[in-house]
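**Q** Have a look at this one before I ask anything.
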Amino acid sequence: MSVPIVRTLAELRAIVAAWRREGAKIAVVPTMGALHEGHLSLVRAALAQADRVIVTLFVNPKQFNSAADLAAYPRTEDSDAAKLSPLGAHMLYAPNAEEIYPDGFATNVSVAGVSEGLCGAFRPGHFDGVATVVAKLFLQTQADLAFFGEKDFQQLHVVTRMAKDLDIPIAIVPCATVREADGLAMSSRNVRLSAQDRATAPKLVHALRAAAARLKSGEAAAPVLRDAIKEIEAAGFARVEYLELRADADLAPLARADSPARLLVAAWLGDVRLIDNVEVTAAPR
Ligand code: PAF
């Protein structure tokens, strides 16, 4: 059966109300489409934990920093729906723009702290755009559970903080990053890599893993990060925007991995910006 596509809030509300009357547990998987195996793994996880799964598809203009990036974002609704149907997702909510940002829309959801630094430092306003649209999607779908990939680790922190601070009754479920066989984290942006850049791209996670191994053995972060940046640039990346060691729990900067930590990176390959992160287990004391 093909996945039903819903475009209006009124229709969404009517369906959700009927599901609620049946006592169904509802999950949402927010996406901007161009679905790949990473998204599909979120949908499978949601189907395993909820009775009804809504996948949302909205290319959110408020979270793009440049008109060119927004225009270049892949829009593949037909093939997205075709990928969701065999999984058994219950709805593809692909709202018309005015259902999300009606005329006169004037509200901005801004999450301090976890939005600052990392991607937040290089993409001004990006996390306000994410927090605003995700708050709307949570309230519109009234889901009990929401599934997010750990690849966008800072985003995961931002939406978790936002839902907690605004008392939105939804549990955020983090899911592990899905990778290609050569280690590259799956991303809708990967299709924009040239053949040569696609061959270079996995070197980003290789450098992260090598740095994580040194950090786990107790080395201080500064020299490890310096070496990893050199390695990434020598591999052919044009520029490393940031490479940082942060606390897993609240993204506080760390000088060494003496508590559960993440190594997070953003780097440019050609005109494609890639982000990734790996867990760094605390060094034994
Ligand atoms: O991760 C994404 O695809 C987007 O940031 C999200 C969460 C769907 C909000 O537009």
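Computed from the coordinates by the stated procedures, all read-outs in this text should not be read as laboratory data. The structure displayed is predicted, hence computed values, not measured ones. Heads up, the Cβs are rebuilt from the backbone with ideal geometry, glycines too, and the neighbour counts pull from every protein chain shown.
**Q** Quick one: in region 99-241, what % of C-alpha pairs are over 25 Å apart?
**A** In whole percent, the share of Cα-Cα pairs in region 99-241 beyond 25 Å is 43.
**Q** Identify, among Leu184, Val130, Phe148, the residue whose Cα sits farthest towards the positive end of the charge dipole of the chain, taking +1 on the Cβ of Lys and Arg and -1 on the Cβ of Asp and Glu, with the dipole about the Cα centre.
**A** Toward the positive end, the furthest listed residue is Leu184.
**Q** Related question: For region 128-170, what ratio Rg/Rh do Cα atoms give with a Kirkwood hydrodynamic radius?
**A** Over the Cα atoms of region 128-170, Rg/Rh equals 0.92.
**Q** Let me ask another. Do me a favour and compute the ellipsoid semi-axes for region 50-96 from its Cα gyration tensor, root of five times each eigenvalue, largest one first, whole Å.
**A** In descending order, the three semi-axes are 25, 12, 7 Å.
**Q** Another question, then. With the dipole of the chain worked out from charges on the C-beta (+1 for Lys and Arg, -1 for Asp and Glu) around the Cα centre, which of Phe237, Ala249, Ala27 lies farthest toward the positive end?
**A** So the residue furthest toward the plus end is Ala249.
**Q** Output the 0 to 90 degree angle, nearest 10, between the alpha-carbon long axis of helix 126-141 and the longest principal axis computed from the alpha carbons of the chain.
**A** 30 degrees
**Q** Across 10 Å bins from the origin, how do the percents of Cα pairs in region 17-77 run, short distances first?
**A** 21, 39, 27, 12, 1
**Q** A follow-up question, please. Among Lys83, Lys216, which comes first, second and so on when ranked by fewest other beta-carbon atoms within 10 Å?
**A** Sorted ascending by nearby Cβ count, the order is Lys216, Lys83.
**Q** Using the Cα atoms as the points, what is the convex hull volume per residue of region 78-161 in Å³?
**A** Cα-based convex hull of region 78-161, divided per residue, equals 131 Å³.
**Q** Using the number of other C-beta atoms within 10 angstrom as an exposure proxy, rank Lys230, Lys62 with the fewest first.
**A** Exposure proxy ranking, most exposed first: Lys230, Lys62.
**Q** Among Glu279, Glu37, what is the fewest-to-most ranking by other Cβ atoms within 10 Å?
**A** The fewest-first ordering by Cβ neighbours comes to Glu37, Glu279.
**Q** Enumerate the whole-percent occupancy of each 10 Å bin, from 0 to the last occupied one, for all C-alpha pair distances of region 1-157.
**A** 10, 39, 37, 12, 1
**Q** Which whole-number percent gives the relative contact order of region 5-89, counting Cα pairs below 8 Å spaced six or more residues apart?
**A** This gives 33 percent for region 5-89.
**Q** Another question, then. Residues of region 220-253 with the amide nitrogen closer than 14 Å to a label point 7 Å from the Cα of Ser194, along Cα-to-Cβ, please.
**A** Hits in region 220-253 for Ser194 at 14 Å: 236-238.
**Q** Given +1 on the Cβ of Lys and Arg, -1 on the Cβ of Asp and Glu, and no further charges, what dipole in debye does region 130-261 carry about its Cα centre, rounded to the nearest 20?
**A** So the dipole magnitude of region 130-261 works out to roughly 300 debye.
**Q** If you take every DSSP beta bridge fully contained in the chain, what fraction is antiparallel? Give it as a percent rounded to 5.
**A** 50 percent
**Q** Can you tell me, using C-alpha contacts under 8 Å and at least 6 residues apart, the relative contact order of region 204-285 as a whole percent?
**A** That works out to 32 percent.
**Q** I would also like to ask the following. Considering only DSSP beta bridges where both residues belong to region 139-285, give the percentage that are antiparallel (nearest 5).
**A** The antiparallel proportion sits near 80 percent.
**Q** What is the Cα centroid distance between region 94-143 and region 195-271, reported in whole angstrom?
**A** What the calculation gives is 28 Å, centre to centre.
**Q** Kirkwood hydrodynamic radius (Cα pairs, Å) of the chain?
**A** For the chain, the Kirkwood estimate is 19.8 Å.
**Q** What's the angle, to the nearest 10 degrees (0 to 90), between helix 37-49's Cα axis and the longest principal axis of the chain?
**A** The angle comes out at about 60 degrees.
**Q** Based on the Kirkwood radius over alpha-carbon pairs, what is the Stokes-Einstein translational diffusion coefficient of region 181-285 at 10 °C with 1.306 mPa s viscosity, in µm²/s?
**A** Translational D for this selection: 115 µm²/s.
**Q** A follow-up question, please. Roughly what angle does helix 221-235 make with the longest principal axis of the chain, taking Cα atoms, 0 to 90 degrees, to the nearest 10?
**A** Compared with the principal axis, the helix lies near 80 degrees.
**Q** About its Cα centre, how strong a charge dipole does the chain have in debye, to the nearest 20, once Lys and Arg get +1 and Asp and Glu get -1 at the Cβ?
**A** 360 debye
**Q** What area, in nm² and to one decimal, does the C-alpha convex hull of region 139-212 cast on average over all directions?
**A** For region 139-212, the mean projected area of the Cα convex hull comes to 6.5 nm².
**Q** For every helix of n ≥ 4 consecutive DSSP H residues, a contribution of -39,500 (n - 2.57) applies; sum these over the chain, divide by its total residues, and give [θ] at 222 nm rounded to the nearest 500 deg cm²/dmol.
**A** -11500 deg cm²/dmol, from helical runs alone.
**Q** Further, regarding this structure: Counting alpha carbon pairs within less than 8 Å and at least 6 residues apart, what relative contact order, in whole percent, applies to the chain?
**A** The value is 17 percent.
**Q** Something else about it: Take each of the peptides 112-120, 162-170, average the number of other beta-carbon atoms within 10 Å over its residues, and list them starting from the highest.
**A** 112-120, 162-170
**Q** Moving on. If R₀ is 41 angstrom, what is the calculated FRET efficiency for the pair Asp227 and Ala68, using the beta carbon separation as r and rounding to 0.05?
**A** The value I calculate is 0.75.
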